[in-house]
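Single-structure report; data block below.
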Amino acid sequence: MAKALKNISFVMPVLNEQHYLASAVESVFGQSVPGEMELVLALGPSKDGTDDVAKTLKKKYGTKLQLVKSPTGLTSASLNLGIAKSQYEVVIRVDAHSELPEGYAALGVEILNTTSAGNVGGMMVAKGTTNLQSAVAYGYNNRIGLGGGSFHVGGEAGVAESVYLGIYKKSVLEELSGFSETWVRGQDWELNQRIKAAGYKVWFDPRLKVGYYPRSSIKQLAKQFFKTGFWRGALTRRAPGDSALRYWIPPLLVIASLFWFPFWIYLVGIAVAALWAKELSLDQKQWLVVVLPVMHFGWGIGFWWGLVRGAKSL
């Protein structure tokens with residue numbers, strides 16, 4: 001019988017996160033874990049006060065908080081550097097925009113042990129502190145925004161296409177050489193496909209919920225979704241058969257709006273959806289009418305660009 005996993009290395013890629021880093025780190029160190037733990041911050045070339053925040057946190061947590069420089073700041077490269085620096089048999093990916101609820105790590109390791117999966121994960125639960133960010137969060141958590149992947153809207157526990165963040169066996173990461181640095185975005189999805197191809201399970205459990213603060217300006221949101229769509233298109237170009245139908249809906253909406261589908265009908269549909277969003281205030285509903293088209297068309301335009309260009313830098 002395999003020895004139960006219990007010691008955890010949390011790994012967090014960090015770039016320009018001075019406003020979120022401290023709360024993300026505090027949520028990690030607030031975890032109850034079954035064994036030893038550490039947190040590795042892979043620090044990219046931030047242009048704000050992120051490095052100063054990291055140094056202050058290092059003084060507070062000492063050897064349990066490791067800092068490693070990531071010259072490019074690319075997520076995949078930062079994750080690989082953090083994993084290489086880590087010392088324990090379980091690697092939990094954490095983002096600086098996320099907050100782990102109490103019990104997340106312990107439950108994740110328990111699921112990892114009981115399922116014998118290579119990676120387990122759960123749901124991204126977006127939340128906001130402003131009306132705009134709350135509207136963006138609603139789009140993340142609702143099928144009308146991101147299309148209904150289980151790690152956004154929930155579902156039954158079991159083998160999955162992909163999961164949010166990830167709780168990995170380090171041995172599996174080492175066997176597969178970690179994250180592919182070809183992919184600026186979508187690297188978690190790509191790694192999960194290699195994990196499954198190698199004969200390991202990727203396991204989704206809706207009890208694993210992680211709080212996430214999405215972009216808080218329209219410009220940031222548009223840039224994020226264009227880039228995410230671009231890399232999804234590039235991944236689809238490489239492996240068309242692995243692309244779920246929901247990934248094609250925004251790109252097809254873009255084409256339809258250009259050639260035959262009246263754009264005003266789409267906007268009416270968005271307005272109706274916003275009115276039905278009962279948990280949002282009036283101001284948040286007004287933002288939602290702006291947010292959803294930015295998400296849909298940013299992704300859709302980016303997807304076509306990535307499908308044409310392939311895995312090239314933006």
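Nothing in this text is a laboratory measurement; each read-out follows from the coordinates by a stated rule. Everything numeric in this text was worked out from a predicted model, so none of it was measured. Glycine also receives a Cβ, built like all others from the backbone with ideal geometry; neighbour counts cover every protein chain displayed.
Just in segment 3-92: which trypsin sites (Lys or Arg not before Pro) are loop by DSSP and have at most 14 other Cβ atoms within 10 Å? Working shown, then result.
Working: sites: Lys3, Lys6, Lys47, Lys55, Lys58, Lys59, Lys60, Lys64, Lys69, Lys85; in loops: Lys3, Lys6, Lys47.
Taking segment 3-92 and a limit of 14 other Cβ atoms within 10 Å, the loop trypsin sites (Lys or Arg not before Pro) found are Lys3, Lys47.
Compute the angle between helix 218-238 and the longest alpha-carbon principal axis of the chain, please, reported from 0 to 90 degrees and rounded to the nearest 10.
The angle comes out at about 80 degrees.
In degrees from 0 to 90, rounded to the nearest 10, what is the angle of the helix 187-197 Cα long axis to the longest principal axis of the chain?
The angle comes out at about 70 degrees.
Say each of Gln220 and Asn16 gets a label point 7 Å from the Cα, pointing the same way as Cα to Cβ; how far apart are those two points in nm?
The two pseudo-label positions are separated by 0.9 nm.
What does the extension gain come out to for Phe29 and Val159, with contour length at 0.36 nm per residue minus their alpha carbon separation?
Between Phe29 and Val159, full extension yields an extra 43.9 nm.
Any idea what % of Cα-Cα pairs in segment 136-277 are farther than 26 Å?
Roughly 32 percent, once rounded to a whole number.
Within segment 210-243, find all residues whose amide N lies under 18 Å from a label point positioned 7 Å from the Cα of Val308 along Cα-to-beta-carbon.
Answer for segment 210-243: 226-238.
GNM on the chain, C-alpha springs below 10 Å: top fluctuator among Pro262, Pro45, Pro206?
Of Pro262, Pro45, Pro206, the Gaussian network model singles out Pro262 as fluctuating most.
About the Cα centre, and with charges only on the beta carbon of Lys, Arg (+1) and Asp, Glu (-1), how big is the dipole of the chain? Nearest 20 debye, please. It would help to have the intermediate numbers written out before the result.
Numbers: 33 positive and 23 negative charges, 111 e Å.
Charge dipole, the chain, about its Cα centre: 540 debye, nearest 20.
Please give the length that would be gained between Ala84 and Thr72 if that part of the chain were fully extended, namely 0.36 nm times their separation in residues minus their C-alpha to C-alpha distance (nm, one decimal).
That pair, Ala84 and Thr72, stretches by 2.7 nm at full extension.
Using 0.36 nm times the number of residues separating Lys55 and Ile249, minus their current alpha carbon distance, what extension gain do you get?
That pair, Lys55 and Ile249, stretches by 65.5 nm at full extension.
Return the FRET efficiency for the residue pair Gln286, Asn7: r is the Cβ-Cβ distance, R0 is 41 Å, and the value is rounded to the nearest 0.05.
0.25
Exactly which chymotrypsin sites (Phe, Trp or Tyr not before Pro) in segment 212-314 are in a DSSP loop and have at most 14 other Cβ atoms within 10 Å? Intermediate results must be reported in sequence, preceding the final value.
Working: sites: Tyr212, Phe225, Phe226, Phe230, Trp231, Tyr247, Trp248, Phe259, Trp260, Phe263, Trp264, Tyr266, Trp276, Trp287, Phe297, Trp299, Phe303, Trp304, Trp305; in loops: Trp260, Trp276.
Sites meeting the loop and neighbour criteria: Trp260, Trp276.
Where does helix 249-259 land angle-wise versus the long Cα axis of the chain, in degrees 0 to 90, nearest 10?
For 249-259 against the chain, the angle is about 30 degrees.
Counting Lys and Arg as +1 and Asp and Glu as -1, each charge on the Cβ, what is the dipole of segment 219-309 about the Cα centre in debye, to the nearest 20?
Around 340 debye, computed over segment 219-309.
Please check the chain for the longest run free of GluC sites (Glu not before Pro) that are loop-located per DSSP (anything but H, G, I, E, B) and have at most 11 other Cβ atoms within 10 Å.
Between the exposed loop sites, the longest stretch runs 157-278.
How high is the relative contact order of the chain, in percent, counting Cα pairs under 8 Å that sit 6 or more residues apart?
Computed value for the chain: 19 percent relative contact order.
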